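Heads up, the thing below is written out as C-alpha cells.
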Amino acid sequence: MARTIRIMVLTLLLGACARLPQHLPGAKMAQRTEFSRTMVRYAGHSGIVAGAWPQTAWWKSARSPVLNALIASAFHDNPSLRLATARIIAARAAASGQRAALLPHVSAGTSVTQEYFSAQGLHTTANGSSVLYTEWNPLEVQYHVDLWGRDSDQVRAALGTVRMAQADRAQARLLLSTRIAVHFFALAGDIQRRKRIQRVEHLNRVLLDLDQQRLRSGLISAQVVYRQQEACAAARRFVAGIDAGVRLQRHILAALAGHGPDWGQRIQAESLPSFSLFAVPKNVPLRIAARRPDLVAARWAIEVAAQKVGAARAAFYPNVNIALFAGWNSIHLGDLLNPGNFAHAVGPVITLPIFEGGALRAQLEEKNALYMATEDHYRSTILNAVRQIADRLAQWQRIRRQLSAQQDT
C-alpha cells in the first residue's frame with residue numbers, strides 16, 4: 001500500500017513537467033477581479049435600472065397601431081431574428097452537453113466475439129482453435145474527477161455563450177425595430193409630401209388653364225403659358241419621384257417584416273407622430289449605457305474568454321477518471337452467468353501531460369490572446385456606445401432648436 005501511495009505521489013509530481021508559460025496572466029480569480037473592475041469603471045453594474053426609461057417596447061410611444069403591427073410581424077417572421085433564436089437554442093444544447101461532463105456516465109454493454117487463435121500464437125492451450133468469447137456488463141460507470149476545475153470552467157463558458165447569444169438576439173431586435181421605425185416614418189413623411197405636391201400640381205393645372213384662356217384672349221404672352229407648363233411638368237416629376245420613394249420604403253418594410261414586396265402594399269399610411277411624444281429625461285446617467293445589448297454581449301464575451309483560459313490552464317495538470325464495471329465474461333456461452341465468471345473492477349485512471357510537443361502551451365496562449373482581444377473589443381464597444389449616445393443627443397437638440405425656430409417664425 002505504501003509503495004502504491006509513493007508511486008501516485010511521484011506521478012503527480014511528474015505532472016509539473018508540463019509547466020505553465022511564465023508570461024501568461026495570473027490565476028482565474030485575478031482575471032475575474034479585473035473583469036469586475038472593468039465593468040465598474042466603464043459602464044457600471046448591468047442590473048442598474050434608471051427609472052422607467054428607456055422602455056423595452058420604445059416604439060409604442062409613437063402610438064401607431066400600424067407600426068406596432070409591423071414590428072410584431074418582424075419579430076415573428078424576420079429570418080435574421082429567427083436565426084439569432086436558433087443560435088440561442090444551439091448554445092443551450094451545447095451548454096447542456098458540456099454540463100454532462102460533471103456527472104457520472106452510466107452504461108451497459110455486451111459483446112459476442114468469435115475468435116480463431118493462430119496455431120503458432122502465444123495462447124498455447126488455445127492455439128489452432130476457435131473460441132466464442134462472450135461478455136455482458138450490465139453496469140459500466142465512468143466519472144471524471146474535476147480536481148482542477150476544467151469541466152466547471154467549460155460549463156461556465158458554455159453558459160456564458162448562451163448569455164452572449166441572448167444579448168445578440170436582443171441587439172438584433174433593437175436594430176430591427178429601429179430600422180422599421182425609421183423607414184415607417186420615412187414612408188409616412190413621403191406620403192404627406194406627396195399629398196402636398198399633388199395639391200400644388202392641381203393648382204398649377206388650374207393656373208395653366210386660366211393662363212391659356214388669357215392667352216387666347218390676348219391678355220398675356222405665350223411665355224407666361226410656357227413657364228406655367230414647366231411648373232406643371234416639374235410638379236409631375238416630383239410626384240413621380242416621391243411615388244418611387246414610397247414604393248421603395250414599402251418594399252424595405254416588407255423585407256424587414258419577413259415578407260415579399262407585394263406584402264408591403266398593404267401597409268397603411270399614418271400621419272407622423274408629434275415630436276413631443278418622444279421625451280428624453282433631462283439627466284441621463286452614463287451607466288444606462290450598460291443596458292445596451294451590444295455592451296452586455298461584450299461583457300459576456302470577456303467572461304467566456306476568461307473561463308476558457310482557466311480550462312486551458314487546467315489541461316496542464318493530471319487528468320483523473322474513476323472507472324467501474326461489473327458483469328460476466330466467459331468463453332462458453334452456456335455458462336456465462338455462472339457465479340465463477342462474475343468479473344468486476346474499480347479504480348482511478350490518471351493521465352499526465354509530461355511531454356505534449358507544446359500543444360497545451362499553444363492552446364493556452366491562444367485562449368489568452370482571445371481574452372485580451374475581448375477586453376479590447378469591450379473597451380472599443382463602450383467608446384463607440386458613448387460616441388453614439390452623444391451624437392444622437394446632439395442631433396436631438398439640433399432638431400428641437402429647428403422646430404422652435406420654425407414655431408417662432
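The values are calculated or read from the model by the stated rules, or taken from the named source; none is laboratory data. The model shown is predicted, which means the values in this text are computed figures rather than measured ones. Here Cβ is always computed from backbone atoms with ideal geometry, including for glycine, and neighbour counts include all displayed protein chains. The protein model used for the area step is the full one, side chains on, heavy atoms only, and it has no ligands, DNA or RNA in it. Shrake-Rupley method; radii C 1.70, N 1.55, O 1.52, S 1.80 Å.
Here residue 193 meets the list (1) farther than 30 Å from residue 250 by Cβ; (2) open to solvent by 70 Å² or more (accessible area, probe 1.4 Å) almost entirely, failing just condition (1). So for segment 345-367 (the condition being surrounded by 14 or more Cβ atoms within 10 Å (Cβ to Cβ) and hydroxyl-bearing (Ser, Thr, Tyr)), does at least one residue qualify? Within segment 345-367, not a single residue is surrounded by 14 or more Cβ atoms within 10 Å (Cβ to Cβ) and hydroxyl-bearing (Ser, Thr, Tyr).
Determine which single condition residue 340 fails, assuming it passes every other condition in (1) within 24 Å of residue 133 (Cβ to Cβ); (2) free of Cβ contacts under 8 Å to residues at least 40 places away in the same chain; (3) not in a helix (DSSP H, G or I); (4) not hydroxyl-bearing (Ser, Thr, Tyr). Just one mismatch for residue 340, condition (3).
Inspect segment 311-320 for any residue being open to solvent by 40 Å² or more (accessible area, probe 1.4 Å), at pLDDT 90 or above and charged (D, E, K, R) and give the result as yes or no. Yes, some residue in segment 311-320 is open to solvent by 40 Å² or more (accessible area, probe 1.4 Å), at pLDDT 90 or above and charged (D, E, K, R).
Looking only at residues of segment 140-169 that are touching a Ser or Thr at 6+ places or on another chain (Cβ under 9 Å) and over 18 Å from residue 89 (Cβ atoms), we find that the one that is most open to solvent (accessible area, probe 1.4 Å) is 142. Screening residue 398 against (1) exposed (fewer than 13 other Cβ atoms within 10 Å of the Cβ); (2) under 25 Å from the mean Cα position of the chain (by Cα); (3) over 23 Å from residue 161 (Cα atoms) leaves a single unmet condition, (2).
The residue that is modelled with the highest pLDDT, counting only those in segment 381-395 that are open to solvent by less than 70 Å² (accessible area, probe 1.4 Å), within 27 Å of residue 305 (Cα to Cα) and of a type outside the set (Val, Ile, Thr), is 384.
Conditions tested, residue by residue: (1) closer than 27 Å to residue 163 by Cα; (2) part of a helix (DSSP H, G or I); (3) in contact with a strand residue (DSSP E or B) (Cβ under 7 Å, 6 or more places away or on another chain); (4) open to solvent by 100 Å² or more (accessible area, probe 1.4 Å).
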site: 70; (1), (2), (3), (4): no, yes, no, no
site: 88; (1), (2), (3), (4): yes, yes, no, no
site: 114; (1), (2), (3), (4): no, no, yes, yes
site: 119; (1), (2), (3), (4): no, no, no, no
